[in-house]
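K.L.:
Got a structure for you, questions after.
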Amino acid sequence: MFFIFLFFLLFLTVATKTAKAIDKSSDDYYQELVQKYRNYQQLIDPFENQRSRYLTYKSVETQADFLSAAKTFVTAEVEAITAYTVFIKTYLAEATQVLNYQDTYLYVMLDDELSYLSLARKKADGLSSLSETQTFLDDLSSHYQKISQIGYQVKSGVEIASANKILSNLQIETTKIGDLLDKINASNDKVYAAKEKFSSLKEQLPTIQNSLNKSESLLKNPSANTNFKSLSQRIRTSIDQAVVSFETIILGYQNIIESLE
C-alpha cells in the first residue's frame, strides 16, 4: 500500500515569538508547506481512481495510467515533505537567534534529509515501474518518519528553551523584589503580608526549574527506542504546568508591587 503523507501542525502551540530569518521567515515557509500539502491532497483521489482501474482491468493502458498518476503523486509528496523539513529547519534557526537554543546535530540531521529529498525529487521523475515506485515510497516513508521525529525534538526543545528564558527573567525580577522588600523598614501588616506572599511565590521557582531540567534531560538523553512524539506530549504537559505557575507568580509579584506603592 502506498505511503500516505501525514501532515500535522506541530508548532502552532508554541508561544515564543521568534526573529525573522534573513531570507524567509518560518511563517513564509509554513505558508509554502500548506500550499504543497494542499497540492498533494488534491492528487489523492486521482491516484486512487487510477489505482482502482488498474486493479480492476490489469491492462497495459491502465498500468501506464496508474504509473503516470503514481509519479505525479510521489513528486507532490516529496515536495510536501521537503517543505515541511525546510519549515522545521527555519523555525529552529529563528528560535536559536532568540533563545540561544543550541543543538547543532539537529541541523546536520535536517541537512542530510534535505539532501536525500533533493535526490528523491529527481528520482521520482525517472520511475519506470510500479514495483520500483513502491520501493521508492517505502524508502520515502522511512525518511519521513525520521524527519517527523526530528520535528518533535525541535518542538520540545524550543518549548523548553522558551520556558527557561521566562524562568530566567522571573529570577531576575525575584531578586529585585527581594531587594526592595529588604529595604523597607516599616513594620505593618501590609508589609508582613507582602513579604510572606513573596516568600511563598519564590518557593515555586526551584520546583519549576527542576521540572524543566528533567524535561531537558529526557530530550537530550533519549534511549535507542525513544518515541519523540510521545515524549513531546509529556514535555508539553510539563510546560503547560510551568506556564500556569509563571502566570501565578507574575500576578503575585504585580500584586506585591502595587500594595507597596
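Nothing in this text is a laboratory measurement; each read-out follows from the coordinates by a stated rule. Only a predicted model underlies this, so the values are computations on that prediction, with no experimental measurement involved. Note that we place each Cβ from the backbone using ideal geometry, even for glycine, and neighbour counts take in every protein chain shown.
K.L.:
If I model a spin label at residue 165 and residue 185 as a point 7 Å from the Cα along the Cα→Cβ vector, what separation in nanometres do I get?
P.N.:
Computed distance between label sites residue 165 and residue 185 equals 4.2 nm.
K.L.:
With angles folded into 0 to 90 degrees, how steeply does helix 104-125 sit against the dominant principal axis of the chain? Use alpha carbons for both and round to 10.
P.N.:
20 degrees
K.L.:
Pop the C-beta distance of residue 207 and residue 105 into the FRET formula with R0 = 25 Å and round what comes out to the nearest 0.05.
P.N.:
0.25
K.L.:
Using a 10 Å Cβ count of at most 11 others and DSSP loop calls, identify the longest part of the chain lacking such trypsin sites (Lys or Arg not before Pro).
P.N.:
59-261
K.L.:
Magnitude of the Cβ-charge dipole of the chain, K/R +1 and D/E -1, about the Cα centre, nearest 20 debye?
P.N.:
So the magnitude is around 220 debye.
K.L.:
Can you give the translational diffusion coefficient of segment 186-261 in µm²/s, computed by Stokes-Einstein from the Kirkwood radius over Cα pairs at 20 °C and 1.002 mPa s?
P.N.:
147 µm²/s
K.L.:
Taking only Cα atoms, what is the 0 to 90° angle, nearest 10, from helix 204-220's long axis to the longest principal axis of the chain?
P.N.:
20 degrees
K.L.:
Relative to the longest principal Cα axis of the chain, at what angle does helix 228-260 sit, 0 to 90 degrees, rounded to 10?
P.N.:
Once rounded, one gets 30 degrees.
K.L.:
Oh, and also: Once the Cα atoms of the chain are picked out, what are the Rg and Dmax in Å?
P.N.:
Every Cα atom of the chain included, Rg and Dmax give 25.6, 95 Å.
K.L.:
Ok, one more. For n ≥ 4 DSSP H runs only, could you compute -39500 (n - 2.57) per run for the chain, divide by its residues and tell me the 222 nm figure to the nearest 500?
P.N.:
-29000 deg cm²/dmol
K.L.:
By how many nm would the segment from residue 114 to residue 44 lengthen if fully extended, with 0.36 nm per residue of separation less the alpha-carbon distance?
P.N.:
Contour length minus Cα-Cα distance gives 22.8 nm.
K.L.:
Follow-up question, since we're still on this one. Given the alpha-carbon gyration tensor of segment 28-92, what are the semi-axes of its equivalent ellipsoid in whole angstrom, ordered largest first, with each equal to the square root of 5 times an eigenvalue?
P.N.:
31, 9, 6
K.L.:
Another question, then. How long is the gain from residue 254 to residue 141 if the chain were fully straight, where each residue apart is worth 0.36 nm and the alpha carbon distance is subtracted?
P.N.:
Once the chain is fully extended between residue 254 and residue 141, it gains 35.5 nm.
K.L.:
Cα to Cα, under 21 Å, and not fewer than 8 places away if on the same chain: which lysines meet these conditions relative to residue 190?
P.N.:
176, 202
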